[in-house]
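Novice: Here it is, the structure, as structure tokens.
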Amino acid sequence: MSSFNEILIALSGGVDSAVSAYRLSQMGFKIVGVTFKLWEFSGGSIRRNNLCCSDDGIAAAKELCENLNCKFIIEDVAKQFRAEIIENFIQEYRNGRTPNPCVICNPQIKWAHLIALADELGIEKVATGHYARTFRRFDDRYNLLRGADTRKDQSYFLYRLTQEYLARTVFPVGHLRKEQVRTIADNFGLPLSSPRESQELCFLPDGNIKSFMRKFIPDATERGPIFDSANNRIGTHNGIAFYTIGQREGLGGGYSQKMYVLDIIPSENAIVIGAENELWKTKFLMSDINWIQKIDRKFDCTVRIRHFHKDSPAIIEPNGDSAIVEFEKPQRAITCGQSAVFYDELKVIGGGIIDKIMC
């Protein structure tokens, strides 16, 4: 029998999950905290845990649970994280694409293990510190909504959550602004691993992606040709793994105008560069779509093509597990491997992986 007065919460040692746990405890829920050990990267002679489960993070999460008088669990899921997230990340870069590992990790690692552990413990609900919200509809299905703090909204990273996961998930800080969350943490002296917020990939604690690439994708770090959009060789790059669409750094000099990465061609170990105006595109094909609200017909909505992109009006033409997206106005640096997420104002409709730029 599942318990409705208990909630299993994922803790990182950071302010958002700490305040989430504190708020749930104050609301009368019996909470159980869990920290997932995801990854340990050995770069040279240095060995570091990832940002989500550093020694400081684990210590802060443990202290928080002691203060709240609740059980604390550490789950080692490093083997699964390596197989499902790191290997995908490596393969995508090897294929000249720019992946977003967080959107894959959330459902396949974090929620999958949260739900499995909750079932094992007989707990119905799980919680995280994400800035997002859920809404139960009249038909008992769930909507995923943007977080109230538009600057911190994390719904983009959660579009792959299923109805099963959404029905069992609570976002205790989703209706708060970041400033309010920090104030709660300060006022009640909640133990935190670090006051900083990292924008790095969680498995790169030192932010050194070049070291990671050289260790795990050496074939994609070899130098190769740079072509312009007329197929003239005009330079030499340092390895396709070090470039993404729209990038300006690392292209060398001597050009008559500012140049940007337009395309990556892994079969030729080459990149194509051009002027800024060549980055603006309107239409693309996407695949591997997760529908939170299934729509089988052509429809209008707004679409985000990266986390910090302001979603823009577009027409979606679904076709099973794929779709064609056509923006009303051209967008800069649409990138294969990244996620495109569909919105109806506050509501996430669904999303998928960008596969091919059409025009």
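Where a number appears in this text, it was derived from the coordinates with a stated rule and is not lab data. Worth saying up front: this structure is predicted, and the values here are computed from it rather than measured. Neighbour counts are summed over all protein chains in view; Cβ atoms, including those assigned to glycine, are modelled from backbone coordinates with ideal geometry.
Novice: Within the range 242-281, track down each residue that is out of contact with any His (no Cβ under 8 Å at 6 or more places or on another chain), buried (at least 17 other Cβ atoms within 10 Å of the Cβ) and of a type in the set (Val, Ile, Thr).
Specialist: THR244, ILE245, VAL261, ILE264, VAL272, ILE273
Novice: One residue is enough: does the range 100-108 have a residue meeting the conditions in contact (Cβ under 8 Å) with a residue 24 or more places away in the chain and either in a strand (DSSP E or B) or more than 30 Å from ILE90 (Cβ to Cβ) (or both)?
Specialist: Scanning the range 100-108 turns up no residue that is in contact (Cβ under 8 Å) with a residue 24 or more places away in the chain and either in a strand (DSSP E or B) or more than 30 Å from ILE90 (Cβ to Cβ) (or both).
Novice: Could you please find all residues in the range 221-237 being out of contact with any Gly (no Cβ under 6 Å at 6 or more places or on another chain) and hydrophobic (A, V, I, L, M, F, W, C)?
Specialist: PHE227, ALA230, ILE234
Novice: From the list GLY147, GLY235, pick out the single residue that is in contact with a strand residue (DSSP E or B) (Cβ under 6 Å, 6 or more places away or on another chain), under 30 Å from GLU124 (Cα atoms) and without any contact (Cβ under 8 Å) to a residue 60 or more places away in the chain.
Specialist: Details: GLY235 fails: under 30 Å from GLU124 (Cα atoms).
None of the others qualify; the one that does is GLY147.
Novice: Further question: Taking the condition of a type outside the set (Asp, Glu), touching a residue at least 40 places away in the same chain (Cβ under 8 Å), in a loop (DSSP other than H, G, I, E, B) and touching an Asp or Glu at 6+ places or on another chain (Cβ under 6 Å), does GLY129 pass?
Specialist: yes
Novice: Here's a follow-up. Need a quick list: helices (runs of 4 or more DSSP H) entirely within the range 132-238 having at least 2 residues that are within 30 Å of GLU278 (Cα to Cα). Can you show your working first?
Specialist: Working: elements: 163-167, 178-187, 209-216.
Correct list: 209-216.
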